[in-house]
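The values are calculated or read from the model by the stated rules, or taken from the named source; none is laboratory data. What you are looking at is a predicted structure, and each value in this text was computed from that prediction instead of being measured. When we count neighbours, we look across all protein chains shown, and the Cβ atoms used for this are built from the backbone with ideal geometry, even at glycine. Ligands, DNA and RNA are stripped out before the accessible areas are found, and what is left, the full protein with its side chains, is counted by its heavy atoms. Shrake-Rupley method; radii C 1.70, N 1.55, O 1.52, S 1.80 Å.
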Amino acid sequence: MLITPEEIGERVRELGQSLSRDYAGKDPLLVGVLKGAVVFMADLMRAADIPLAADFIAVGSYGGTTRSSGVVKITADLSVSIEERHVVIVEDIIDTGRTIGYLKRNLETRRPASLRVMALLDKIERREVEVELDYVGFTIPNHFVVGYGLDYRGRYRNLPCVAVLEEEPRG
Ligand code: PRP
């Protein structure tokens with residue numbers, strides 16, 4: 001176990017408070033990136049005590065099986081316009097940075113009033129693309145992690161903690 005459910009709960013509460021403070025009176029739109037961010041998003045929303053809206057976006061990669069190609073595509077788009085909205089992208093983990101880099105560029109073209117990123121986990125050693133993260137829950141070492149939304153081949157998303165897979169898969 002890398003991060004316990006109690007540690008996650010405490011940090012998510014703090015992040016919710018940060019949102020409440022920074023976005024008071026701004027009616028922010030939280031954009032969760034499917035599927036990994038679902039668990040974090042659900043807890044984060046309830047940790048914020050200001051009016052806010054939530055939407056989701058799904059991304060995949062062209063061609064190959066991994067996203068390391070860096071070519072990202074939107075597989076399910078937002079259901080609302082973000083023009084003039086204060087938008088916070090909510091991610092479970094930032095790895096190479098390619099996905100969030102693409103999403104930021106894409107959403108920026110839709111003219112939001114502001115655009116920030118909140119990530120629960122930052123695997124900074126793996127970064128290939130420089131991206132500014134506005135809120136980070138935990139900076140973690142370069143292990144393959146699962147739980148609290150993160151999967152290995154579709155499994156383990158429902159673990160209440162963040163855990164390291166002992167047999168680390170390649171890629
Ligand atoms: C994960 C995570 C980010 C992306 C980060 O998604 O949720 O979207 O990878 O990697 P990057 O910084 O190298 O681009 P994943 O591909 O596991 O999809 P999932 O959320 O549906 O599990």
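Observations, loosely collected:
- Sorting Lys104, Lys73 on solvent-accessible area from highest to lowest, probe radius 1.4 Å, gives Lys73, Lys104.
- The chain: most fluctuating residue of Arg126, Arg111, Arg153 per GNM, C-alpha cutoff 10 Å: Arg153
- Cα gyration tensor shape for segment 5-143, rounded if a/c is under 1.5, else prolate or oblate: oblate
- Accessible area in the full protein assembly, largest first, 1.4 Å probe, for Glu83, Glu132: Glu132, Glu83
- Charge context of Val117, other residues only, Cβ under 14 angstrom, K/R +1, D/E -1: -4
- Per-residue SASA entry for Asp151, accessible area with 1.4 Å probe, Å² rounded to 10: 50 Å²
- Averaged per residue, the chain has 53 square angstrom of accessible surface, using a 1.4 angstrom probe with ligands and nucleic acids left out.
- Spin-label model, Cys161 to Glu128: label points 7 Å out along the Cα-to-beta-carbon direction sit 3.2 nm apart.
- The chain - percent of accessible surface contributed by carbon and sulfur, probe 1.4 Å: 46 percent
- Helix-only CD estimate at 222 nm, as mean residue ellipticity for the chain, using -39500 (n - 2.57) per DSSP H run (n ≥ 4): -7000 deg cm²/dmol
- Bridging of Lys73 to lysines at a Cα separation below 27 Å is possible for Lys35, Lys104, Lys123, once same-chain residues fewer than 8 apart are set aside.
- The chain, relative contact order in percent, only Cα pairs under 8 angstrom and at least six apart counted: 22 percent
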